[in-house]
Every structure is written in structure tokens, then in C-alpha cells.
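For reference, the structure is listed below as C-alpha cells.
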Amino acid sequence: MTGPARLPASARAILEGDRRALARAISEAEDDRPGAAAVARALYARTGKVPIVGITGPLGVGKSSLINLLVNRLRELDRTVGIIAVDPSSPYTGGSVLGDRIRFERSATDAGVFFRSMASRGEAGGVAAATREAARLMEAAGFDVILVETVGSGQVDVAIRNIATSSVVVLVPHLGDEVQTLKAGLFEIADVFCVNKADLPGADLARRDLRELVGLGARAGGWSAPVVATSTQPPSGIEELWNAVDAHEQFLDKTGQREVDERRRLSVEIVERVRGEVGRALSQRLEHDPELKGLLDRVVARSIDPRTAADRLARPVARGR
Ligand SMILES: Nc1nc2c(ncn2[C@@H]2O[C@H](COP(=O)(O)OP(=O)(O)OP(=O)(O)O)[C@@H](O)[C@H]2O)c(=O)[nH]1
Ligand SMILES: [Mg+2]
């Protein structure tokens, strides 16, 4: 029995819809502060039921604009929405250099919408962990759908597959070459393709090309990613876009694929966490633990090679002992 009365106060506040408690808990998760673990542990059993929809694609294709319109659509359907925008804050990939990025507005006035941006500084694993925790916290706070905007290296975030239940890859007309280079990764992650800026010339062609490519790369499980054309100015295709995502979510339930995917995602999450924790601890010990320092000394002296040293350290785990 874990009635609300037994939960940590901050977890209880989140369940009761306290938005400031929610925001605080997300910050703690992002900074990996000690309090975050207790809240995450207390709320975990209540999560894992809502759609987490990843919206990824190259810089400036209209991901944020689409999310704004998807939010309006979801609110029409009487569903509340949590939004996480993983911000590419690096000066090399920074979307903000475009200067005309779209911001999310509705969250300021509508209690049914909660927006949070996360800096993508630091290692990718850290962003993924914080994003997962934020999505769970939002779900615990009662949001019905979580939307996650990301841009990855290679311009499409492959890691979103390890977080989202449905992934939308957004492209625009005249991405010919880009699509070619992205191809392998794209088809691995896209549950829905969206050709945005359909008001620009070339959208029909882009859509047809993508459809052809999708036909070639059938994925396991029997889902074939639909290709939806959208525009955000003037808005068109938004209902179709949401319907395509919804159809994928229904497919997951009908086929049992949701459990298969969730199991894979959670396995990845555990491995990422172990890698992080073990990596940090090992770095420390290689510096301070006399035995491990000795091992490092021998690698430095070229008497054993790094792979052999690593094998020796990893062997107990790798062999299941
Ligand atoms: N013509 C046209 N322009 C669009 C459309 N959707 C978005 N834009 C414009 O494209 C620019 C980028 O839009 P955003 O929504 O910020 O795109 P984004 O993918 O979120 O951008 P980053 O987060 O920086 O990667 C803005 O100037 C938008 O007004 C569309 O459907 N048609
Ligand atoms: Mg954006």
C-alpha cells in the first residue's frame, strides 16, 4: 500500500497538480541532485501509460511551430499536454542562430499545458536520463500526452527512440541529399514522417520520395510509417499528423508492441545509468585506488594494452558474476 500520505511531500505535491513542485523536481532531475532519486522512486509505479511523442528533425524545419499547433489540437480533444524541448545550446548546432525560432506560448495561460526546456549541454546520456525523468514527472502530474522536441547530431535525434513511444521525423521539401545521408537512421526511428512547409514548392515530390523510401524499408512488427504533409502557415495537415501518431499508439496497444518497446527502452535506460555510475566510480578509483592505479601504471608503461586492462575490469560483470 502506497497511499498518497506515505509519499515524500514533493511527490505528493506533484500528484496534486502543484506546478511549482513539478518544475522544481524537473530541475533536480536535470542537475541529478540527491532529492531527485527519492521523487522518481516514489512516482515510478504510476508512470508508463501515456504517449511520449518525439518530434525530431533538422534545424528550422518547423518542429516548434508544429508542436504549438499539435498542442491546440490536443486541447480541442480535451487532452492535457506536457512539452519538453531539448535545446541545442551549442554555438555550432544552436538553433537560436537562426534568430527566428518559434517559442511556445500557450503554456503561460493554459493550465492544461506545461512547457519545459532542457539544455542539451553535457553528455547525451545525461540529457536522455533527464528527459525520461521529466516525462515521468509530467505524467505523474496528470498530463495526458508528452511531446518532446529534439535535434540530434546528424540533425535527427536517434536517441529519441530510447525515450519516445512514437517518433515523428520532420523534414521539409528539397531535403533530397539530406534525406539520403540520414536514411539509415531515419527509418530506424520514424514511426511517422512529416513533410512540413508544404506551402512551399516541392512538397508533393518530397512526400512521394519519402513514401517510396518507406516502402523499401519495412520495419519489424508490421508498422509502416505514414508520410503526412503539413504546413503551419497557414495551418494544414495538423489533424492528420496527430491522427497518424494516434494510429501508431493504437497499433502499439493492439499488437503488444508497446510492452516489447518499453522493455527495450528500460533495458537501455538501466545500461545507460550503470555505464554512467560505473564509469564515474572507475575514473575515481583509477586515480586513487592503489590496485587500480597499478593497473593504469602498467598500461602507461606499455606493459599491457588498454583493452586487456578494460577486459580485466569488466570481466566480473560481463561474465555475470
Ligand atoms: N513557409 C513555412 N515556414 C514555416 C513553416 N513552419 C515553420 N516555418 C518557419 O520556419 C522557421 C523555424 O520554425 P521553428 O518552428 O522554430 O522550427 P524548429 O524546427 O523548431 O527550429 P529549431 O528548434 O531551431 O531547430 C520559422 O521562421 C517559422 O516561421 C511552414 O509550414 N511553412
Ligand atoms: Mg524549435
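The values are calculated or read from the model by the stated rules, or taken from the named source; none is laboratory data. Because the structure is predicted, anything quoted here is derived from the model rather than measured. When we count neighbours, we look across all protein chains shown, and the Cβ atoms used for this are built from the backbone with ideal geometry, even at glycine.
For every residue, the table says whether it meets (1) in a helix (DSSP H, G or I); (2) more than 16 Å from ligand 1 (Cβ to nearest atom); (3) at pLDDT 95 or above; (4) within 15 Å of the chain's Cα centre (by Cα).
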{"position": "L74", "(1), (2), (3), (4)": "yes, yes, yes, no"}
{"position": "G82", "(1), (2), (3), (4)": "no, yes, yes, yes"}
{"position": "R101", "(1), (2), (3), (4)": "no, no, no, no"}
{"position": "V127", "(1), (2), (3), (4)": "yes, no, no, yes"}
{"position": "A134", "(1), (2), (3), (4)": "yes, yes, yes, yes"}
{"position": "L147", "(1), (2), (3), (4)": "no, no, yes, yes"}
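Out of all the residues in the range 253-277, which are of a type in the set (A, V, I, L, M) and free of Cβ contacts under 8 Å to residues at least 12 places away in the same chain?
Scanning the range 253-277 gives L266, I270, V271, V274.
Among the residues of the range 131-155 satisfying the criterion of being within 16 Å of ligand 2 (Cβ to nearest atom) and surrounded by fewer than 23 Cβ atoms within 10 Å (Cβ to Cβ), which is nearest to V268 (Cα to Cα)?
In this case the residue turns out to be G152.
State all residues of the range 36-72 that are within 16 Å of ligand 1 (Cβ to nearest atom), in contact with a strand residue (DSSP E or B) (Cβ under 8 Å, 6 or more places away or on another chain) and in a loop (DSSP other than H, G, I, E, B); if no residue qualifies, say none.
Within the range 36-72, G57, P58, V61, G62 qualify.
What number of residues within the range 282-294 satisfy the criterion of being over 38 Å from the mean Cα position of the chain (by Cα) and not charged (D, E, K, R)?
Qualifying residue count, the range 282-294: 2.
Restricted to the range 254-281, and to residues that are surrounded by 11 or more Cβ atoms within 10 Å (Cβ to Cβ) and more than 19 Å from V127 (Cα to Cα), which residue is nearest to the chain's Cα centre (by Cα)?
Going through the qualifying residues, I end up with D261.
Which one of V245, V228 is part of a strand (DSSP E or B) and assigned by TED's automatic domain parsing to the domain that holds P173?
V228
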